[in-house]
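Below: one structure, written as structure tokens.
The values are calculated or read from the model by the stated rules, or taken from the named source; none is laboratory data. Only a predicted model underlies this, so the values are computations on that prediction, with no experimental measurement involved. Neighbour counts are summed over all protein chains in view; Cβ atoms, including those assigned to glycine, are modelled from backbone coordinates with ideal geometry. Heavy atoms of the whole protein, side chains included, go into the accessibility calculation; ligands, DNA and RNA do not. Shrake-Rupley method; radii C 1.70, N 1.55, O 1.52, S 1.80 Å.
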Amino acid sequence: MTHISVKVDGTTYEDDVEPRLLLVHYLRDRLGLTGTPIGCDTSNCGACTVELDGASVKSCTVLAVQADGGEVTTVQGLSRNGELTELQKAFHERHALQCGYCTPGMIMAARDLLREHPHPTPDEVRHGLEGNLCRCTGYQNIVAAVLAASEQEVAT
């Protein structure tokens with residue numbers, strides 16, 4: 001077992017974990033943060049995307065011990081006092097989801113994209129989200145949502 005201390009969605013957790021425990025399993029199974037889905041366990045789909053120290057990562061490719069001393073933000077940690085962020089509102093208003101399975105990862109990847117490119121072009125949005133797969137929507141509404149959010153906020 002390895003002792004870790006990690007801040008997740010603003011709360012610091014101290015735990016002993018197996019060195020091979022994936023971050024996605026730590027978040028879901030240990031902390032009960034099930035808003036981060038397990039998609040493919042191979043890093044292909046991006047559904048499990050979270051932020052680690054301000055950068056988006058696929059949590060199925062990061063060990064919990066690698067987050068030791070770091071700060072993780074999940075999709076569940078975005079809203080404040082029940083108020084959705086502009087990006088989350090844009091996904092809702094532009095119908096940028098169908099089954100919703102990919103949505104947490106899409107939103108987290110889009111936040112990272114908007115930090116780097118506050119006013120992206122449609123092609124930059126597509127390129128920025130290419131590591132996240134959606135099996136339902138065809139992506140057009142997802143791109144529209146990110147573009148709409150870029151007019152209103154830069155993800156912080």
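Applying a threshold of 7 Å to beta carbon distances and a minimum spacing of six or more residues, or different chains, the list of pairs starting in region 46-64 at a residue that is touching a residue at least 12 places away in the same chain (Cβ under 8 Å) and ending at one that is basic (K, R) and part of a loop (DSSP other than H, G, I, E, B) reads L63/R20. Of the listed requirements (1) open to solvent by less than 40 Å² (accessible area, probe 1.4 Å); (2) without any contact (Cβ under 8 Å) to a residue 40 or more places away in the chain; (3) more than 18 Å from S43 (Cα to Cα); (4) in a helix (DSSP H, G or I), H92 misses just one: (1). So is D16 out of contact with any helix residue (DSSP H, G or I) (no Cβ under 9 Å at 6 or more places or on another chain), modelled with pLDDT of 95 or more, part of a helix (DSSP H, G or I) and open to solvent by 30 Å² or more (accessible area, probe 1.4 Å) or not? It is false that D16 is out of contact with any helix residue (DSSP H, G or I) (no Cβ under 9 Å at 6 or more places or on another chain), modelled with pLDDT of 95 or more, part of a helix (DSSP H, G or I) and open to solvent by 30 Å² or more (accessible area, probe 1.4 Å). When P104 is tested against (1) over 16 Å from R28 (Cα atoms); (2) outside any loop (DSSP other than H, G, I, E, B); (3) touching a Gly at 6+ places or on another chain (Cβ under 9 Å), exactly one condition is not met: (1). Is there a residue in region 121-143 that is touching a residue at least 40 places away in the same chain (Cβ under 8 Å) and hydroxyl-bearing (S, T, Y)? Yes, the conditions are met somewhere in region 121-143.
Of E93, E130, all but one fail to be among the charged types (D, E, K, R) and out of contact with any helix residue (DSSP H, G or I) (no Cβ under 8 Å at 6 or more places or on another chain); the exception is E130. In region 62-80, is there at least one residue being at pLDDT 95 or above, at positive phi and exposed (fewer than 14 other Cβ atoms within 10 Å of the Cβ)? Yes, region 62-80 contains at least one residue that is at pLDDT 95 or above, at positive phi and exposed (fewer than 14 other Cβ atoms within 10 Å of the Cβ). Of all residues in region 111-126, which are in contact with a Ser or Thr (Cβ under 9 Å, 6 or more places away or on another chain) and closer than 20 Å to V57 by Cα? Matches in region 111-126: R111, D112, L113, L114, R115, H117, P118, V125.
Taking the listed residues A55, A90, A47, the one that is closer than 27 Å to A144 by Cα, aliphatic (A, V, I, L, M) and over 13 Å from the mean Cα position of the chain (by Cα) is A90, with no other qualifying.
Let's see how each residue does on (1) closer than 19 Å to R80 by Cα; (2) part of a strand (DSSP E or B):
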residue: I4; (1), (2): no, yes
residue: K7; (1), (2): yes, yes
residue: L27; (1), (2): no, no
residue: L33; (1), (2): yes, no
residue: V50; (1), (2): yes, yes
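Scanning region 140-156 for residues that are touching a helix residue (DSSP H, G or I) at 6+ places or on another chain (Cβ under 7 Å) and not β-branched (V, I, T), we see that the one that is most open to solvent (accessible area, probe 1.4 Å) is Q152.
For region 102-123, a residue qualifies if it is more than 12 Å from the chain's Cα centre (by Cα) and crowded, with 17+ Cβ neighbours inside 10 Å, and the qualifying residues are L114, P120.
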